[in-house]
Amino acid sequence: MSLVALSRKKSPWLLHFETGGCNGCAIEVWACLTPVYDVERFGMVNTGNPKHADVLIVTGCVNARSGRVLRNLYSQMPEPKVVIAVGVCACTGGIFHDSYNLAPGADRAIPVDIYIPNCAARPEAIIDSVLHAVDLLEEKGRSYDARRS
Ligand code: SF4
């Protein structure tokens, strides 16, 4: 395993984007950063810069405008990267799925690796999904290195 892959496994950097829902899932993501859930004990770092992020956490429903922003953020993230759809709104559109201006899920805008189809998603499930994302990053990093060699 390369040192780069090892450091990614130990310290994933998270970017959170709220596309526009009731904010319930966004609040649960922020709860993960509080001393109660303390996601940083797993070495995870919250960043506002997509160029520094390994993991993109998406909450809320995707509409035309937020979908454009989501694609823009995703395209700026370096490979390998993992996307987590947090909450049923981000997974399928949830209770808003048949609204005229919404896409039924974030995966209509960008590739999604992990889905948490709850309303709202609990912090424990979010932390569990990020730990899963760490393994996925390692896997994707290996195939990315193999493609480049
Ligand atoms: S899944 Fe539920 S809690 Fe989360 S943004 Fe949608 S309506 Fe709000």
Quiz item: Which one of these is over 24 Å from I27 (Cβ atoms) and either away from the ligand (no atom under 16 Å from the Cβ) or within 14 Å of the chain's Cα centre (by Cα) (or both): L73, L137, L131, L56?
Solution: L137
Quiz prompt | Restricting region 104-123 to residues that are within 15 Å of the ligand (Cβ to nearest atom) and open to solvent by 70 Å² or more (accessible area, probe 1.4 Å), the residue that is nearest to E79 (Cα to Cα) | solution = Y115
Quiz item: When the residues of region 88-103 are filtered to those that are over 17 Å from the mean Cα position of the chain (by Cα) and either surrounded by 15 or more Cβ atoms within 10 Å (Cβ to Cβ) or closer than 17 Å to F17 by Cβ (or both), which remaining residue is nearest to the ligand (Cβ to nearest atom)?
Solution: G94
Self-check item: Those residues of region 34-69 which are open to solvent by 60 Å² or more (accessible area, probe 1.4 Å) and not acidic (D, E), in sequence order
Solution: P35, V36, R41, F42, N46, G48, K51, H52, A64, R65, R68, V69
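Going by the structure shown, is A31 open to solvent by less than 50 Å² (accessible area, probe 1.4 Å), out of contact with any His (no Cβ under 8 Å at 6 or more places or on another chain), at pLDDT 95 or above and farther than 21 Å from I110 by Cβ? Spell out the reasoning first.
Values: open to solvent by less than 50 Å² (accessible area, probe 1.4 Å): yes; out of contact with any His (no Cβ under 8 Å at 6 or more places or on another chain): yes; at pLDDT 95 or above: yes; farther than 21 Å from I110 by Cβ: yes.
So A31 fits the description; yes.
The values are calculated or read from the model by the stated rules, or taken from the named source; none is laboratory data. Predicted model, so just to flag it, every value in this text is computed and none were measured. Because the Cβ atoms are built from the backbone with ideal geometry, glycine has one as well, and the counts that use them run over all protein chains shown. When the accessible area is computed, the model is the full protein with side chains, heavy atoms only, and any ligands, DNA or RNA have been set aside. Shrake-Rupley method; radii C 1.70, N 1.55, O 1.52, S 1.80 Å.
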